1. Yes or no: segment 186-205 includes at least one residue that is farther than 18 Å from residue 219 by Cα, touching a helix residue (DSSP H, G or I) at 6+ places or on another chain (Cβ under 9 Å), surrounded by fewer than 17 Cβ atoms within 10 Å (Cβ to Cβ) and in contact (Cβ under 8 Å) with a residue 24 or more places away in the chain.
2. Determine which single condition residue 7 fails, assuming it passes every other condition in (1) outside any strand (DSSP E or B); (2) surrounded by 20 or more Cβ atoms within 10 Å (Cβ to Cβ).
3. Spot the failing condition for residue 226; the list is (1) closer than 26 Å to residue 41 by Cβ; (2) at pLDDT 90 or above, and only one is missed.
4. Select from segment 283-293 the residues that are within 16 Å of the chain's Cα centre (by Cα), over 11 Å from residue 233 (Cα atoms) and touching a residue at least 24 places away in the same chain (Cβ under 8 Å) and list them in ascending order.
5. Collect the residues in segment 238-271 that are part of a loop (DSSP other than H, G, I, E, B) and either farther than 12 Å from residue 298 by Cβ or in contact with a strand residue (DSSP E or B) (Cβ under 7 Å, 6 or more places away or on another chain) (or both), keeping them in residue-number order.
6. Would you pick out the residues in segment 100-118 that are closer than 19 Å to residue 43 by Cα and surrounded by 15 or more Cβ atoms within 10 Å (Cβ to Cβ)?
7. Of these, 294, 219, which one is out of contact with any strand residue (DSSP E or B) (no Cβ under 6 Å at 6 or more places or on another chain) and exposed (fewer than 14 other Cβ atoms within 10 Å of the Cβ)?
8. Considering only segment 55-78, state which residues are in contact with a helix residue (DSSP H, G or I) (Cβ under 9 Å, 6 or more places away or on another chain) and buried (at least 18 other Cβ atoms within 10 Å of the Cβ).
């Protein structure tokens with residue numbers, strides 16, 4: 001039987017610089033411990049990196065441009081990432097992770113993506129239509145770079161759903177809402193994104209006590225399932241993950257950590273990748289989420305991206 005495979009879409013790629021410090025003092029000179037790690041990244045690239053480590057065939061559709069395009073592709077090849085790219089003139093952005101050993105924190109410094117050329121959206125759309133029929137699951141992760149039209153993600157979801165392909169969306173805001181009418185399989189925002197998307201921009205901090213929000217989340221997730229047939233997964237950082245399985249909102253606990261937390265950047269992408277992998281293996285919805293959370297916890301114990 002043919003191995004099931006995943007196509008990820010990442011329209012905001014980045015070079016990821018990771019710097020480790022014994023301690024970090026704002027407004028002072030801080031010297032990193034050891035060599036800076038540079039990886040080819042972006043949410044969709046993070047997804048296929050994890051899928052590859054789990055033994056799942058996967059590819060990522062991405063736009064690349066600027067003077068460091070060949071460097072980006074070389075880094076992808078070194079990590080055995082199957083990247084299908086279209087070219088544009090917009091240079092690839094750079095984001096930086098600052099890991100502070102003393103406080104046990106990882107802080108992300110995000111550079112905004114540059115606008116793509118006017119024809120890049122059509123090039124990506126054509127590439128997607130040429131690829132999607134060869135895959136069994138679609139994962140769309142993260143925001144789009146400026147210059148892509150609002151119809152691009154909904155069109156991808158429509159095409160994948162019509163082909164009977166498992167469709168997982170890790171996006172937020174108006175882009176997420178625009179895709180719902182095409183009935184994706186699963187949406188996976190974190191709690192902050194879920195509340196901002198469906199409750200008029202309500203702000204929820206990652207580490208605040210969010211237990212009181214559970215009835216609101218369950219009611220909205222039930223409505224989304226009734227109207228669009230979509231199952232909702234709401235991650236909550238170090239707290240249990242909430243998920244609507246079509247009947248009720250379940251809580252999936254975080255697994256116990258086997259080592260100290262080092263770097264939490266990319267844990268959400270790890271959850272997305274691992275649960276998709278488990279679903280393609282025929283695991284139940286709850287068990288797939290639990291496996292994703294186990295992999296995400298494992299990822300947090302490493303400085304480098306991956307498991």
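1. Among the residues of segment 186-205, not one is farther than 18 Å from residue 219 by Cα, touching a helix residue (DSSP H, G or I) at 6+ places or on another chain (Cβ under 9 Å), surrounded by fewer than 17 Cβ atoms within 10 Å (Cβ to Cβ) and in contact (Cβ under 8 Å) with a residue 24 or more places away in the chain, which makes the answer no.
2. In the conditions (1) outside any strand (DSSP E or B); (2) surrounded by 20 or more Cβ atoms within 10 Å (Cβ to Cβ), residue 7 misses (1) alone.
3. So residue 226 meets the others, but not (1).
4. 293
5. Correct list: 238, 245, 246, 247, 248, 253, 254, 260, 262, 263, 264, 265.
6. Within segment 100-118, 106, 113, 114, 116 qualify.
7. The match here is 219.
8. Across segment 55-78, the qualifying residues are 56, 58, 59, 60, 61, 62, 63, 64, 65, 76.
The values are calculated or read from the model by the stated rules, or taken from the named source; none is laboratory data. A quick note: this is a predicted structure, and the numbers were derived from the prediction, not measured. When we count neighbours, we look across all protein chains shown, and the Cβ atoms used for this are built from the backbone with ideal geometry, even at glycine.
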